Amino acid sequence: MRFVAIDGPEPRHVHPKREDEIYALLLRRPELLEKNTLFKVLSINVRTEKGPDFIAVNHKGHLIIGEIKRGGMPAGGWAQAKRYAKHLGRMRAAELEQYIAERTAGKHTPSVRHVTKGFLGPTARAAFFSPSRRRVQLLLVAEHFSDSLLRSATRATLGARLRELVRDVKCVEIRTYRVRSRSTFGIASVVSGRSRRLRK
């Protein structure tokens, strides 16, 4: 994907120097990955503890586990996402809330129950907070994906038990551009998953 300016300065494709720059885009504009009426970010892991790079919930009450990589998505990123799905997918509600709170950017972040109140309907809320009903979506975000990874990072390649838990696997390519030295913006495009449409 390349942007051409009809008038004014030409946007220049720039590579993030650190994954933190992609985190910052997500913190400021989470709708880059999905319409904000359809999902809500609960945690972005900016600390050194192991765990998903971000955790969110969609309007159906599915837990979204996200892995962000600068550059290409390695096979290890897909392996990590599957491990987190097994670990978080069956956590009890109190354990999940504590896990998210410990990995959340900011000291005064509202509780998960407070954030999801009003966003999730009764059925979705019950599904999200019940280990037996909770389902997971895996979301991989990187600057690019190899063909081999796109073939392997699908729900169909999961084992039977994990496939029952995981409802969707989505791969999103993110590109960052700069106009002169002042403005940086991101474009995200779904390259694999149920939905394939451009995010602006």
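List the GluC sites (Glu not before Pro) within the range 22-69 that DSSP assigns to loop and that have no more than 12 neighbouring Cβ atoms inside 10 Å.
Values: sites: GLU31, GLU34, GLU49, GLU67; in loops: GLU34, GLU49.
Those satisfying the criteria are GLU49.
Which shape class applies to the range 9-94: rounded if a/c is under 1.5, otherwise prolate when a/b exceeds b/c and oblate if not, where a ≥ b ≥ c are the square roots of the Cα gyration tensor eigenvalues? Walk me through the numbers on the way to the answer.
On the way: a/c = 2.19, a/b = 1.40, b/c = 1.56.
It is oblate, given that a/c is not under 1.5 and a/b is not larger than b/c.
Could you give each residue of the range 77-94 its phi-based ³J(HN,Hα) in whole Hz, using Karplus coefficients 6.51, -1.76, 1.60 with θ = phi - 60°, and x for Gly or Pro?
In residue order, the calculated couplings are x, 5, 5, 4, 4, 5, 5, 5, 4, 5, 6, 8, x, 10, 5, 5, 4, 5 Hz.
Run the accessible area of the range 4-158 with a 1.4 Å probe and give the carbon-and-sulfur part as a rounded percent.
51 percent
With Kirkwood's inverse mean 1/r over C-alpha pairs for Rh, give me the Rg to Rh ratio of the range 52-114, two decimals please. It would help to have the intermediate numbers written out before the result.
Values: Rg = 12.7 Å, Rh = 12.9 Å.
Rg/Rh for the range 52-114 comes to 0.98.
Name the long-range amide H neighbours of SER43: under 5 Å, sequence gap of 5 or more, or other chain; modelled H, no Pro or chain starts.
When sequence neighbours closer than 5 places are left aside, the close amide H contacts are ILE55.
Counting only the heavy atoms of the protein chains, how much of ARG163 is accessible to a 1.4 Å probe, in Å² to the nearest 10?
For ARG163, the solvent-accessible surface is approximately 80 Å².
With θ taken as phi - 60° and the coefficients 6.51, -1.76 and 1.60, list the Karplus ³J(HN,Hα) couplings across the range 126-143 in order, rounded to whole Hz; mark glycine and proline as x.
Values per residue, Gly and Pro as x: 5, 5, 5, 8, 10, x, 6, 10, 5, 10, 10, 10, 9, 10, 9, 10, 7, 6 Hz.
Keeping all protein chains in the complex and leaving out DNA, RNA and ligands, what accessible area do you get for TYR23 with a 1.4 Å probe, in Å² to the nearest 10?
It works out to around 20 Å².
Taking the Cα-to-Cβ direction at HIS13 and at LEU38 and moving 7 Å from each Cα, how far apart do the two end points lie in nm?
Between HIS13 and LEU38, the simple spin-label model gives 2.5 nm.
List every residue whose amide H lies under 5 Å from the amide H of ILE64, counting only residues 5 or more places away in sequence or on a different chain, with H placed 1.01 Å from N in the peptide plane.
Under 5 Å from the amide H of ILE64 lie the amide H atoms of ALA56, VAL57, ASN58, GLN137, each far enough along the sequence or on another chain.
The values are calculated or read from the model by the stated rules, or taken from the named source; none is laboratory data. Keep in mind it's a predicted model, so treat the numbers as computed, not measured. In this analysis, Cβ positions are derived from the backbone assuming ideal geometry, glycine residues included, and neighbour counts consider all displayed protein chains. The area values use the complete protein model at the heavy-atom level, side chains included, leaving out ligands, DNA and RNA. Shrake-Rupley method; radii C 1.70, N 1.55, O 1.52, S 1.80 Å.
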